[in-house]
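Have a look at the structure below, then the notes.
Please treat every number below as a calculation from the coordinates, not as lab data. Please read all numbers here as calculations on a predicted model, not as lab measurements. Note that each Cβ is placed from the backbone with ideal geometry, even for glycine, and that neighbours are counted across all protein chains shown.
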Number of protein chains: 2
Amino acid sequence: MTLDTDWFSEPLASEGVAFSLRVTSKLHEERTPWQYIEVYETAHWGRLLVIDGCVMLTGRDNFLYHEMMAHPALATHPAPRDVLVIGGGDCGTLREVLRHESVTRAVQVDIDEAVTRAAERFFPELTAGNDDPRVTLRFEDGVAYLRQAPAASFDVVIIDSTDPVGHAAGLFGAPFLSDVRRVLRSPGVLVQQSESPLLHAESVIRPLHGALAEAGFAARATLHFPVPSYPSGWWSATLGLLGLEPEAYRTVTLPELRYYSAAMHQAALTPPAFCGTLFRPDRPAGGGT
Amino acid sequence: MTLDTDWFSEPLASEGVAFSLRVTSKLHEERTPWQYIEVYETAHWGRLLVIDGCVMLTGRDNFLYHEMMAHPALATHPAPRDVLVIGGGDCGTLREVLRHESVTRAVQVDIDEAVTRAAERFFPELTAGNDDPRVTLRFEDGVAYLRQAPAASFDVVIIDSTDPVGHAAGLFGAPFLSDVRRVLRSPGVLVQQSESPLLHAESVIRPLHGALAEAGFAARATLHFPVPSYPSGWWSATLGLLGLEPEAYRTVTLPELRYYSAAMHQAALTPPAFCGTLFRPDRPAGGGT
């Protein structure tokens, strides 16, 4: 059947697949210098944030993405204090970072202040931590910020970007990732959202591992987890590590969490058979799971 | 945006969510006494089988569902010989069952022969095992079949049904599950597809655990895994066990598999935090994982 106009649809033309939500009203739309922002009320998924036609988050399922962008990275570091988020303007990942008591400073750099202002207005549950004295919000180009940031000034860098096209494409390349490496201390953790295991294993995940290796991240691992509102409903995040191994994470217990647990961390590290060694390319063969 | 008529869409009205694939042609349509079958060619997902407007499978992602319906159940049994599939007319689950050398008899009972004939014609990779001498295909009502089947005649019963509405609704209730229990030997394994962890935890998974308990399955566990073409892209299967525990599965290594592995079995058993004890309700608190 064909969907009528009560539905918001995000087609991914290159893969011939679309995700749609029934919407009841449009709450906001705004063209900024960088992108086109929309907020809808949906029938069953809470509010919906859309940027340039792509679903950024829904009230119903964003916990999956935000928890898995923050907690595996922070649990892999023995004592994360200084955390940098590049992108992430909706502040949902930042909220998860702030749950870690070891964190003393969380800097977020998103080019578009309008996203954060829209999140404050329409998704206050995501921005509730923004008044935390540990937080600095900067609205500027993350690439430029990183280039001038002091070396060895962060323990964890989270790249919470849109898809690797347009102004976010540079966030997936070796030059940018080398800058990330420079601002990381050792031990240090980078995590980058890396699209769908089903749709983007070869087009995004494999080149990202190559770029991470080129940038000097000796140990790397891709984690996978469900995100129903993203293309294919199955998503990934890729870790680049300095002086750490992906399997040696701390047990982090945060009772507020809805998806992540230490056991789920291990589950997310378990590679689908069809990915072969792609998700953990630097590990010697026969290294177990 | 609105999708044009080049797209096949499956809206799930009760949850206000839809999945769509761009199609290039309709290869087949047929109204049988039980249901309406369609087969499409898609732009990027191979062929698409639709029954009563619901996606049954695509060429691109059916391996996820079929592997996870078969291998966890068979790996949980110490030596599965006699396997019964109720439903499953596309034969993709049956193909996975036949990969296990211990299996000496595989009986499949689907009410609608037309589904299997369509699968033979349009998805021959799924039906390639149907000539295996271990296979018996029966086209009749699975509920009636089970009622008259000899007690203790199967080691594993796989309920590969459509959603729990219409003629499949009975497959989720205690009377039917009691019949399954009767035809199982001990040790014995039942597995039932149990919908989306995000959408159906309370409406399907919780009542199914209740019905399984009522039918006498002392140990139960829900596994979860991605199926991009099903609502929310995140799916589940629930085990009901006689004389077995879900965590005590054999390591099954089948090099042809694309998702399942022993490590992925463990990953699929790892409950999302928001599900609490729902996915493993009979285990004593503090039981690990």
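Observations on the structure shown:
- Residue among A:Ala168, A:Ala73, A:Ala237 with the largest mean-square fluctuation in a Gaussian network model of chain A, springs linking Cα atoms under 10 Å: A:Ala168
- Over the range B:118-224, Cα pairs under 8 Å with separation of 6+ residues give a relative contact order of 25 percent.
- In chain A, the longest principal axis of the Cα atoms and the axis of helix A:113-122 are about 60 degrees apart.
- Amide H contacts of B:Val252 (H built 1.01 Å from N, under 5 Å, at least 5 apart or other chain): B:Ala262
- For the range B:62-275, the relative contact order works out to 23 percent when only alpha carbon pairs closer than 8 Å and six or more residues apart are counted.
- Near A:Trp234, the amide H atoms lying under 5 Å from its own belong to A:Val227; only residues 5 or more places off or on other chains count, and H is placed 1.01 Å from N.
- Note that the range A:2-58 shows a convex hull volume over its alpha carbon atoms of 84 Å³ per residue.
- Near B:Pro150, once Lys and Arg are set to +1 and Asp and Glu to -1 for all other residues with Cβ below 11 Å from its Cβ, the sum equals +1.
- Cα gyration tensor shape of the range B:62-275, rounded if a/c is under 1.5, else prolate or oblate by comparing a/b with b/c: rounded
- Helix axis angle, B:62-76 relative to chain B longest principal axis, alpha carbon, degrees: 10
- Gaussian network model of chain B, springs between alpha carbon atoms under 10 Å - residue of B:Asp160, B:Asp132, B:Asp112 with greatest fluctuation: B:Asp132
- Distance from the range B:3-60 to the range B:200-260 (C-alpha centre basis), Å: 26
- For A:Ala70, the shell of other residues with beta-carbons less than 11 Å away shows a net charge of -1, using +1 for Lys and Arg and -1 for Asp and Glu.
- Relative contact order, percent, the range B:1-143 [alpha-carbon distance under 8 Å, six or more residues apart]: 15
- Of the beta bridges in chain B, as assigned by DSSP with both residues counted there, near 65 percent are antiparallel.
- As a proxy for reagent exposure, A:Thr222, A:Thr162, A:Thr136 were ordered by neighbouring Cβ count within 10 angstrom, fewest first; the result is A:Thr136, A:Thr162, A:Thr222.
- Two-site FRET efficiency, A:Thr24 against A:Thr104, from Cβ-Cβ distance with R₀ of 45 Å, rounded to 0.05: 0.60
- Label-point separation in nm, A:Arg138 to B:Ala151, each point 7 Å along Cα→Cβ: 7.4
- 10 Å Cβ neighbours from other chains, averaged over peptide A:254-267: 4
- Among B:Tyr145, A:Tyr65, a tally of other beta-carbon atoms within 10 Å of each Cβ gives an order, fewest to most, of B:Tyr145, A:Tyr65.
- The Cβ shell under 12 Å around B:Tyr259 holds other residues with a net charge of -3, Lys and Arg each +1, Asp and Glu each -1.
- Debye log10 I(q)/I(0) at q = 0.14 Å⁻¹ for the range A:150-257, Cα point scatterers: -0.56
- For the protein assembly as shown, the Stokes-Einstein estimate of translational diffusion at 4 °C and a viscosity of 1.567 mPa s comes to 53 µm²/s, using the Kirkwood hydrodynamic radius over alpha-carbon pairs.
- Counting every other Cβ atom within 10 Å of each residue's Cβ, A:Met68, A:Met56 order from fewest to most as A:Met56, A:Met68.
- Among B:Ala215, B:Ala273, B:Ala70, residue whose mean-square fluctuation peaks in a GNM of chain B (springs only between Cα atoms under 10 Å): B:Ala273
- Charge dipole (the range B:62-275, unit charges on Cβ, about Cα centre) - positive-most of B:Gln192, B:Pro133, B:Ala218: B:Ala218
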